[in-house]
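The values are calculated or read from the model by the stated rules, or taken from the named source; none is laboratory data. Just so we're clear, the structure is a prediction, and the values are computed from it rather than from any experiment. Every residue, glycine as well, gets a Cβ built from its backbone with ideal geometry; the counts of neighbours run over all protein chains shown. For the accessible areas, the whole protein counts, side chains as well, though only heavy atoms, and no ligand, DNA or RNA atoms are used. Shrake-Rupley method; radii C 1.70, N 1.55, O 1.52, S 1.80 Å.
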Amino acid sequence: MAIWLTKDRMQNGPVFGNMDQFIGLGIFVDTYPNADKTHDRTFPYVSVMLGNGTLSYDHDSDGRHTEVGGCTAMTRNAIYDTFLLVRYVKNRLTLVVDVDGQQEWKECADITGLRLPTGYFFGASSATGDLSDNHDIISMKLYQLTVERTPEEEEEEQEEVTLPRVDDMEQFHVEVQEEGMSRVQFFVTLLFSIMGLGVLAVVGLALYGRWKENRRKRFY
């Protein structure tokens, strides 16, 4: 299941029922892992993705490469209502959940420096594979928050935002690149290690042959 804040109205697609390469914000409640089951992520898992129109959600990796925040939330087969609260104020998005039936909020994600354009559409969608559950959206409540701002914050608020972004997006890209390039780095490291072992083996054989020859001369 997914909750959306997007530039375009809902269109059928492969990302939890909506289009891929969307522009906006997606919050995904994923109940089943597609990636290696031995990784350090426990499902059900709630993740946050910021789309700029070029990023694709990778189902095979459960969206790890494009995730900007998330947490484990046991929303599956609950006998009580579960709640998800999203708050966006002063370019900061916080996501908290109440999934234990204890009426207690627990922090799930806290993303600062996040900038979203205005005039986007709210929505929800869902999709399933071979395994399926019934998940009912009882209600969605939207509120406009009124907060006090400093003159600097007021000036910053008036800045026009044309595409969703995170102020520290450069660091975010570095994290994504490291995730995607790990196999290449492993291959290069392995290749140089093999070459280094080969050089050591050749040098070792040459030294051993010279030592053996010297012993023969001494014997005679």
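Values as computed for the structure displayed
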read-out: Inter-site label distance for residue 60 and residue 107 at 7 Å from Cα along Cβ, in nm; value: 3.5 nm
read-out: 11 Å cut-off, amide nitrogen to a point 7 angstrom out along residue 136 Cα→Cβ, residues in the range 63-99; value: 81
read-out: Ratio Rg/Rh [Cα only; Rh per Kirkwood] for the range 49-157; value: 0.98
read-out: For the range 61-67, 3J(HN,Hα) per residue [Karplus equation, 6.51 cos²θ - 1.76 cosθ + 1.60, θ = phi - 60°, Hz, x = Gly/Pro]; value: 9, 6, x, 4, 5, 10, 6
read-out: Peptides 49-59, 139-149, 82-92, 100-110 ordered by average Cβ neighbours within 10 Å, highest first; value: 49-59, 82-92, 100-110, 139-149
read-out: Per residue value of the accessible surface for the range 1-111 (all protein chains in place, 1.4 Å probe), Å²; value: 51 Å²
read-out: Within the accessible area of the range 1-147 (1.4 Å probe), percent carbon and sulfur; value: 46 percent
